[in-house]
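Student: Mind having a look at this structure? Questions to follow.
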Amino acid sequence: MKVEMKDIVELSKARWFVYAWSEIYGWLANSWDYGPYGSLLKENIKNLWIKEFVQKKDDMMLLDSSILLNPKVWVASWHVWWFSDPLIDDKNTNERFRADKLLEDLIEKLWNNALNHLQSTYWVNNLVPESWPLEKQTEVMRGEKVKNPNSGKEGNWTEAKKFNLMFKTFQWVTEDSTATVYMRPETAQWIFVDFPNVLRTSRRKIPFGVAQVGKAFRNEITPGNFIFRTREFEQMEIEYFCEPGKDLETHATWKADCKNFLVNTLSLKEENLRLRDHEADELSHYSNATTDIEYKFPFGWWELRWVADRTDFDLKAHMSESKQDMSYFDPVNNKKYVPYVIEPSVGLNRLFLTVIADAYTVEWEWEETRTYLKLDPKVAPIKVWVLPVVKKIGEDAKKVYKQLAEEFMCEYDEVWTIGKRYARFDEIGTPFCVTIDSSNFELGNVTVRFRDSMEQEIVAISELNEFLRKKMK
């Protein structure tokens, strides 16, 4: 059964994962709150990422930096001039769209004939519209008579132009150019700016890395697909500093590590993932190599995360702007150099959506469909649900709940029939339900139900925590 995006959205809203922000006031478009289960799921993903890439690696550190920073940082990093999307207006409706996204839709419709047609007609040499010159994007939009996705009619397209994505705000009491600061559009630049501090205080030797998790803000003109692209989001980024000349080898290692995290830690299906190396004419101005790890969402293959070789561009840019030395002295080889940087980066919100989409499961059961989230126990927001068969044995059931809650994220529920409760907890992705009935409890036992197989097993209460601990591994 094909899973559509609306199915994931409906389950997310109904089961306390994601809410529309300020809904009582009519909602602010493309703004979302994470409900009780969504918050726990997001924290689990974040903590697993930190464990995998910081705790388990002896060459990694964690940083938490501010959202606002001296605006000179964004001048040095070129964000003020280059951090932008190609926008195009339909003069018929006065609507604005991202030209590259409309062109991606066109390429998908052309399918196998896309490259031959676009090469022979417009002399483009790849199928990545974002890398095309603005003039070429405009030419193809007009030449192919691309339709306005809202009206369904051919658009009367203006010239494509660049639109800066950074949110401006003001410090102090005046609102003029001298008081302008920006809300960070990424978390990477803080790591580069703090590189001398980290080097001095940690006494680390190259190679080493710095990780950061935090909020970022982008003034996206066409956010959408639920929480896939939003204006406020969380990033999990690493800047891994290495010796020049060893960057491509290091880049390959991080590609493998990032995929391994998705498949073996988060348990994403490998057939839903693919790695795509950027072509030479697609690379960013600072990059030696970039690889996108793409996921097959219900709306198609899209970038989930990336691993970029940023060379020494960022550190040298900040050296030039700040007049501070960002180089590293290698005591082993007795030489001084500006390190190269490998950047594995992923949006936490996008990864959250991926985990739910990948776990969303529909099965036929006795001529009815059963829907549940097949989440890895490490990721599941609620690990164990404690259920008395009837309310009158609630006090006994709460004793079991207190025992389990010392170690696991649990919930207790005594409302509705046991079958309806099982169905609800399956949709939330709870891997284990512990059911208490009088006869078993008097013998010191409970029943453990497994979400995926729906099989049940009698377990002694005294051994229950250890039993579940083993199962969760």
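Every residue, every condition in (1) among the hydroxyl-bearing types (Ser, Thr, Tyr); (2) modelled with pLDDT of 95 or more; (3) under 23 Å from residue 371 (Cβ atoms), yes or no:
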| site | (1), (2), (3) |
| --- | --- |
| 403 | no, yes, no |
| 409 | no, yes, yes |
| 414 | no, no, no |
| 420 | no, no, yes |
| 438 | yes, no, no |
| 446 | no, yes, no |
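Student: Taking the criterion of being assigned to a helix (DSSP H, G or I) and within 29 Å of residue 344 (Cβ to Cβ), would at least one residue in the stretch 106-118 satisfy it?
Tutor: yes
Okay, residues lined up against (1) surrounded by 14 or more Cβ atoms within 10 Å (Cβ to Cβ); (2) assigned by TED's automatic domain parsing to the domain that holds residue 38; (3) modelled with pLDDT under 95:
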site: 230; (1), (2), (3): yes, yes, yes
site: 252; (1), (2), (3): yes, yes, no
site: 257; (1), (2), (3): yes, yes, no
site: 264; (1), (2), (3): no, yes, no
site: 268; (1), (2), (3): yes, yes, no
site: 279; (1), (2), (3): no, yes, yes
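Student: Kindly indicate whether any position in the stretch 313-325 is more than 26 Å from residue 133 (Cβ to Cβ) and within 18 Å of the chain's Cα centre (by Cα).
Tutor: No; the residues of the stretch 313-325 include none that is more than 26 Å from residue 133 (Cβ to Cβ) and within 18 Å of the chain's Cα centre (by Cα).
Student: Return the only residue of 103, 63, 87 being under 23 Å from residue 316 (Cα atoms) and either in contact with a His (Cβ under 9 Å, 6 or more places away or on another chain) or modelled with pLDDT of 85 or more (or both).
Tutor: Exactly one residue qualifies, and that residue is 63.
Student: Separate question: Out of 108, 104, I need the residue that is outside the structural domain of residue 189 (by TED's automatic domain parsing) and exposed (fewer than 14 other Cβ atoms within 10 Å of the Cβ). Which one?
Tutor: Testing whether each residue is outside the structural domain of residue 189 (by TED's automatic domain parsing) and exposed (fewer than 14 other Cβ atoms within 10 Å of the Cβ) leaves just 108.
Student: Continuing with this model, one more query. Please specify each residue of the stretch 232-249 satisfying the condition of being farther than 18 Å from residue 45 by Cβ and surrounded by fewer than 20 Cβ atoms within 10 Å (Cβ to Cβ).
Tutor: Within the stretch 232-249, 243, 244, 245, 246, 248, 249 meet the criteria.
Student: Out of 319, 409, I need the residue that is surrounded by 13 or more Cβ atoms within 10 Å (Cβ to Cβ) and closer than 30 Å to residue 189 by Cβ. Which one?
Tutor: Exactly one of 319, 409 is surrounded by 13 or more Cβ atoms within 10 Å (Cβ to Cβ) and closer than 30 Å to residue 189 by Cβ, namely 319.
Student: While we're on this one: Would you mind finding the one in 94, 150, 116, 197 that is free of Cβ contacts under 8 Å to residues at least 40 places away in the same chain, exposed (fewer than 13 other Cβ atoms within 10 Å of the Cβ) and closer than 16 Å to residue 221 by Cβ?
Tutor: Just one listed residue meets the conditions, 94.
Student: Now for a different question. Within the set of pairs 6 or more residues apart or between chains, which connect a residue that is touching a residue at least 60 places away in the same chain (Cβ under 8 Å) and assigned to a loop (DSSP other than H, G, I, E, B) inside the stretch 361-387 to a residue that is surrounded by fewer than 21 Cβ atoms within 10 Å (Cβ to Cβ) and acidic (Asp, Glu) with Cβ atoms less than 7 Å apart?
Tutor: Pairs found: 374/452; 382/411.
Student: Another one. Please note which strands (runs of 3 or more DSSP E) are completely contained in the stretch 285-352 and include at least 1 residues that are more than 29 Å from residue 50 (Cβ to Cβ) and of a type outside the set (Ser, Thr, Tyr).
Tutor: 300-311, 328-330, 335-337
Student: From the list 239, 271, which residue is in a helix (DSSP H, G or I) and either within 30 Å of residue 377 (Cα to Cα) or without any contact (Cβ under 8 Å) to a residue 24 or more places away in the chain (or both)?
Tutor: Just a single option satisfies the conditions, and that option is 271.
Student: Okay, next question. Go over the candidates 426, 452 one by one and state the one that is within 29 Å of residue 18 (Cβ to Cβ), buried (at least 21 other Cβ atoms within 10 Å of the Cβ) and among the charged types (D, E, K, R).
Tutor: Sole residue among the options that is within 29 Å of residue 18 (Cβ to Cβ), buried (at least 21 other Cβ atoms within 10 Å of the Cβ) and among the charged types (D, E, K, R): 426.
Student: Right, next: Inspect all residues belonging to the stretch 355-373 and state whether any of them is in contact with a Lys or Arg (Cβ under 8 Å, 6 or more places away or on another chain) and of a type in the set (Gly, Ala, Ser).
Tutor: yes
Student: Ok, one more. Answer yes if at least one residue in the stretch 35-58 is buried (at least 16 other Cβ atoms within 10 Å of the Cβ) and at pLDDT below 90, and no otherwise.
Tutor: Within the stretch 35-58, not a single residue is buried (at least 16 other Cβ atoms within 10 Å of the Cβ) and at pLDDT below 90.
Student: What pairs come out if I take residues in the stretch 325-352 that are closer than 19 Å to residue 196 by Cβ and touching a residue at least 12 places away in the same chain (Cβ under 8 Å) and pair them with residues that are of a type in the set (Lys, Arg) and surrounded by 15 or more Cβ atoms within 10 Å (Cβ to Cβ) whose C-beta lies under 7 Å away, six or more apart or interchain?
Tutor: 338/316; 341/310; 343/310
Student: Additional query: Residues that are at pLDDT 85 or above: list the strands (runs of 3 or more DSSP E) wholly contained in the stretch 159-228 that include at least 3 such residues.
Tutor: 208-217
Student: In addition: Among strands (runs of 3 or more DSSP E) lying entirely in the stretch 406-473, which contain 1 or more residues that are among the charged types (D, E, K, R)?
Tutor: Here the list reads 410-412, 445-450, 456-460.
Student: Looking at 313, 261, can you tell me which residue is touching a helix residue (DSSP H, G or I) at 6+ places or on another chain (Cβ under 6 Å) and among the hydrophobic types (A, V, I, L, M, F, W, C)?
Tutor: Criteria check complete, one pass: 261.
Student: Take the stretch 359-373 and flag every residue that is within 21 Å of residue 32 (Cβ to Cβ) and surrounded by fewer than 23 Cβ atoms within 10 Å (Cβ to Cβ).
Tutor: 359, 360, listed by residue number.
The values are calculated or read from the model by the stated rules, or taken from the named source; none is laboratory data. Only a predicted model underlies this, so the values are computations on that prediction, with no experimental measurement involved. So basically every Cβ, Gly included, is an ideal-geometry build from the backbone, and we count neighbours across all protein chains shown.
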